[in-house]
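A short reminder: the numbers here are calculations on the coordinates, not readings from a lab. Everything quoted here is computed from the prediction, not taken from an experiment. Because the Cβ atoms are built from the backbone with ideal geometry, glycine has one as well, and the counts that use them run over all protein chains shown.
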Amino acid sequence: MPYLKPRGEGQPDAWGAEAAARGGKGTQRIAHAGEVPAPDDVAALLDLAPGDPVVVRRRVIELDGEPCELTDTYYPVAIARGTPLAETGKIRGGAVTLLAGLGHTGVRVREDVTARMPDADEREALRLGPDEPVLRLNRVTLDAEGSPIQADTMLMPAHRQQLRYEIRIG
């Protein structure tokens, strides 16, 4: 849940805070940021046509210097064009905090998790052996009107992850 809520003034990003609470150092490297054509799966999450322009932030998430996740976060250009989301610099407090400051707050999230074998580039980036599977998590964040404001595609080594969900009913 901390990854979905804006951070308070002066608070570190959610990943850095979580890693520190576990006695580690969580960092991320921005591999790319800017406009790209929306891949089919991302277009579906953001209610766009395949190939429509979107802003992406491609990151390698690391724990104590070891890659633990590849994350691509996509935004509609109407929200992200011309903002720090389209740049490679670190965003103080994280992207969710910036989005809230721009007037876009998520109120609902939908996630789909699948497992598969990584391709050669993914295996190399995550430092995996040839027989180690990955989890792929696709997430879309929706605002109060039900409009998508962010889509994430995350790839994680299956043996290094635990997914926890808390669901409030009623």
Item to check | All-pairs Cα distance distribution in the range 24-95, expressed in whole percent, bin size 5 Å | outcome: 3, 18, 24, 22, 16, 10, 5, 1, 0
Checklist outcome for this item: Listing ASP47, ASP143, ASP112 by rising number of other beta-carbon atoms within 10 angstrom, fewest first, gives ASP112, ASP47, ASP143
Checklist entry - One-quarter of the Cα convex hull surface for the chain, in nm²? => result 10.5 nm²
Checklist outcome for this item: Dividing the mean separation of Cα pairs under 8 Å (6+ apart) by the residue count of the chain yields a relative contact order in percent of 21 percent
Checklist entry - PRO67: net charge of surrounding residues, Cβ under 12 Å, Lys/Arg +1, Asp/Glu -1, itself excluded? => result -1
Checklist entry - For the chain, what is the calculated [θ] at 222 nm in deg cm²/dmol (nearest 500), taking -39500 (n - 2.57) for each run of four or more DSSP H residues and dividing by its residue count? => result -4500 deg cm²/dmol
Item to check | Directionally averaged shadow of the range 73-130, computed from the convex hull of its alpha-carbon atoms, nm² | outcome: 6.1 nm²
Item to check | Mean shadow area of the range 72-168, taken as a quarter of the surface of its Cα convex hull (nm²) | outcome: 7.8 nm²
